[in-house]
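Report on one structure; see the data block that follows.
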Amino acid sequence: MSNPSAATGELKRNLGRMDLVSVAVGQIIGAGIMAMTGTAIGMTGRSVNLAFVIAGILCVLTAIPQIMVGGTARFKGGQYTQVAAFGGQRLAGIFTLINVFTGLGIAMYVISFTEYLLALVPGAPAKLISVAVLTILFLMNILGAKQAAVLQTVMCVIMAVAIAAFIAFGVPNLQPGYFAPPDFMTKGLTGVLMASAYLSFAAGGAQYVINFSGEAKNPKKDIPFAIIVPTIGISVVYAVMGTIAAGVLPVADVANKSLALVAEAILPKPLYVFFIVGGAMFALLTTLNASIGWMCRPIVQAAKDGWLPKVFGRLNARFGTPVNVLLLFYVIGLVPILAGLDISIVSSSTVILTSAVKVILCFTAIRLPKVMPELWNKSKFHVGKGLLNTVCIVGGLVATLQVLLMLATSAPLELVGNLVILAASVVYALAANKRVKMEVSYEDCD
């Protein structure tokens, strides 16, 4: 069933621009928007819409180095290849183990989806539903990235309808005097900036499409597009949703509350149920579906290089997909569900580390002209050394700010979890370093 020699270089290159856009949209729009908007309102009041716009700008700043890199070559191992090329072999090993641990987030998404469903259908078999959802999404990814992308597109369309309903019913219900004090900029410019940094987590995520570079038809053109356009577009949509969330009911009533509170107030009951299902629940499913895809691709190349057993570098002969890696993540997601574990703390134990990867990618992108001079010289994103250094440093500093905010707001157990995983990853990378023989896993694709 599997081709022992196949790795990321033999992935089917059948993902077009809209497939990548759907993946990016699904990764950006998560259930976090349902909860994070209320928290941001608590930070800045009705200027939450302004905070969303600034958050989008912050995400674009951190994405520019990724756009320049992704528009220069095909990275067959996605972010793993980038870390390896610009950060070195040991850093690539650390990234690999951290990426494996991110699979714990799979269970969190599935369990959250089931909790939403149980709120609508009390008494439904929770574990059975969770296992069924997990199995269906993994089967779609086993059948191929194209099939998973089609499913992603369908779910994104449904999400768009749900969000459109929220906006259509919300705008006519906006109360007068939206920009009047004291509800606008309740904590001044500081509050707006803090809310912006916080909301940048809700507006980010599109950069993970770089992990599909090996399967993209035209990654140098389509991946930059799939990063920048959804990030800007969804940030604007979020700003409109934030305006409604803060402008329909009194600020004191919606601060630190779920978006569902406003949805229930403005939507007829059938549309409210549709918004919860097509908005919140499908947001979880699209993020989960996208995550399954981007988690797997770097592992395949890492296994081929020797960081993990070679079996994880093999592709299924029929579907051309990394079935063994998919099964690995399936088990990682399935065990906590069957065991009934509270996975929220465990899964969040990689959040700071995965965010720190953005910092590394931004700063190390400065080495782009040195690592791949020929490809960089003919890249359509080619700029002078000074400008390249500037955008990489600015992006890195913004990403660092996001990590520092997470450190300041994380629970002690989450901090300990991140430190334990980081320590384990460093030890593993140092121990395995001698047996690793890394190949050059980037190439031109003109």
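The values are calculated or read from the model by the stated rules, or taken from the named source; none is laboratory data. Predicted model, so just to flag it, every value in this text is computed and none were measured. Every residue, glycine as well, gets a Cβ built from its backbone with ideal geometry; the counts of neighbours run over all protein chains shown. Heads up: the accessible areas ignore ligands, DNA and RNA and are worked out on the full protein's heavy atoms, side chains in. Shrake-Rupley method; radii C 1.70, N 1.55, O 1.52, S 1.80 Å.
On the basis of being among the aliphatic types (A, V, I, L, M), over 24 Å from Pro181 (Cβ atoms) and either in contact with a Cys (Cβ under 7 Å, 6 or more places away or on another chain) or in a helix (DSSP H, G or I) (or both), does Ile232 make the cut?
Here the answer is yes, as Ile232 does meet what is asked.
Here are Asn389, Asn418, Asn377: which of them is open to solvent by 30 Å² or more (accessible area, probe 1.4 Å) and in contact with a helix residue (DSSP H, G or I) (Cβ under 6 Å, 6 or more places away or on another chain)?
Asn389
In segment 296-325, which residues are surrounded by fewer than 20 Cβ atoms within 10 Å (Cβ to Cβ) and either under 15 Å from Asn211 (Cα atoms) or of a type in the set (A, V, I, L, M) (or both)?
Within segment 296-325, Val311, Ala317 meet the criteria.
Quick check on this structure: which one of Gly396, Gly386 is more than 24 Å from Val440 (Cα to Cα), small (Gly, Ala, Ser) and in contact with a Phe, Trp or Tyr (Cβ under 6 Å, 6 or more places away or on another chain)?
Gly396
Inspect all residues belonging to segment 398-412 and state whether any of them is assigned to a helix (DSSP H, G or I) and among the small types (Gly, Ala, Ser).
yes
Please verify whether segment 372-394 includes one or more residues that are of a type in the set (Val, Ile, Thr), in a helix (DSSP H, G or I), within 19 Å of Tyr80 (Cβ to Cβ) and at pLDDT 85 or above.
No; the residues of segment 372-394 include none that is of a type in the set (Val, Ile, Thr), in a helix (DSSP H, G or I), within 19 Å of Tyr80 (Cβ to Cβ) and at pLDDT 85 or above.
Under 6 Å between Cβ atoms, at least 6 apart or on separate chains: pull out the pairs that start in segment 146-174 with a residue that is free of Cβ contacts under 8 Å to residues at least 24 places away in the same chain and end on any residue that is part of a helix (DSSP H, G or I) and open to solvent by 10 Å² or more (accessible area, probe 1.4 Å).
From segment 146-174, the pairs are Gln147/Met140.
Which residues, taken from segment 175-204, are touching a residue at least 24 places away in the same chain (Cβ under 8 Å), open to solvent by 40 Å² or more (accessible area, probe 1.4 Å) and in a helix (DSSP H, G or I)?
Leu193, Met194, Tyr198, Phe201 - these are the residues of segment 175-204 that are touching a residue at least 24 places away in the same chain (Cβ under 8 Å), open to solvent by 40 Å² or more (accessible area, probe 1.4 Å) and in a helix (DSSP H, G or I).
Whether any residue in segment 69-76 is open to solvent by 10 Å² or more (accessible area, probe 1.4 Å), more than 23 Å from Asn289 (Cβ to Cβ), modelled with pLDDT of 90 or more and among the β-branched types (Val, Ile, Thr) is what I want to check.
No: zero hits.
Here are Val110, Val161, Val131: which of them is modelled with pLDDT of 90 or more and either open to solvent by less than 20 Å² (accessible area, probe 1.4 Å) or more than 30 Å from Asp253 (Cα to Cα) (or both)?
Val131
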